[in-house]
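Quick note: the coordinates plus some simple rules give every number you see, no bench work behind them. Everything numeric in this text was worked out from a predicted model, so none of it was measured. Because the Cβ atoms are built from the backbone with ideal geometry, glycine has one as well, and the counts that use them run over all protein chains shown.
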């Protein structure tokens with residue numbers, strides 16, 4: 001039987017949250033985006049506060065500034081695939097140390113992520129019998145907001161070893177459930193540049 005958002009408390013014990021903070025932040029001038037200050041706190045603080053209540057534990061994927069991310073008292077893991085290989089390398093790193101059956105990934109630069117993200121992704125994955133569930137707003141998939149079964153680890157490892165880096169190309173080889181979040185499209189807003197950070201900082 002699928003779980004609804006009402007049963008999120010039962011779901012979260014089977015899910016580990018992964019915050020993806022392993023990028024180089026090139027569009028933001030080469031800074032570590034997760035550590036940029038937004039409304040008095042680091043971006044990663046906002047993300048952690050929204051994700052942590054939805055899951056049984058959190059892992060952070062980072063390739064620099066590990067001590068800064070360890071302030072949460074959670075495990076920080078680097079990519080096993082070098083040279084900043086993108087979000088799939090971060091997902092692979094998280095799955096490699098996963099102890100629960102499911103892993104949900106979110107980026108470190110989306111401070112408004114839905115507070116029922118995990119429950120809704122879980123319902124979509126379970127209902128479709130899929131390998132992973134991906135959030136969608138309108139016609140736009142949000143590929144780094146995904147819930148994956150632990151069993152996809154070997155498949156992902158082979159994809160990365162073969163030189164694959166594109167998220168949508170990997171998804172195309174799996175059973176994927178897209179979960180509509182049309183009522184919360186703004187929740188998936190991600191901050192990529194300093195101008196975007198300043199603009200949203202002062203937005204009402």
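Here is how the numbers come out for the structure above:
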| read-out | value |
| --- | --- |
| Among (1) outside any helix (DSSP H, G or I); (2) in contact with a helix residue (DSSP H, G or I) (Cβ under 8 Å, 6 or more places away or on another chain) - the single one residue 163 does not satisfy | (2) |
| Test result for residue 134, within 26 Å of residue 34 (Cα to Cα), under 16 Å from the mean Cα position of the chain (by Cα) and in a helix (DSSP H, G or I) | no |
| Matching residues, region 169-204, being farther than 20 Å from residue 113 by Cβ, surrounded by fewer than 19 Cβ atoms within 10 Å (Cβ to Cβ) and under 19 Å from the mean Cα position of the chain (by Cα) | 169, 172, 174, 175 |
| Verdict on residue 116 being touching a residue at least 60 places away in the same chain (Cβ under 8 Å), touching a helix residue (DSSP H, G or I) at 6+ places or on another chain (Cβ under 6 Å) and closer than 25 Å to residue 43 by Cα | yes |
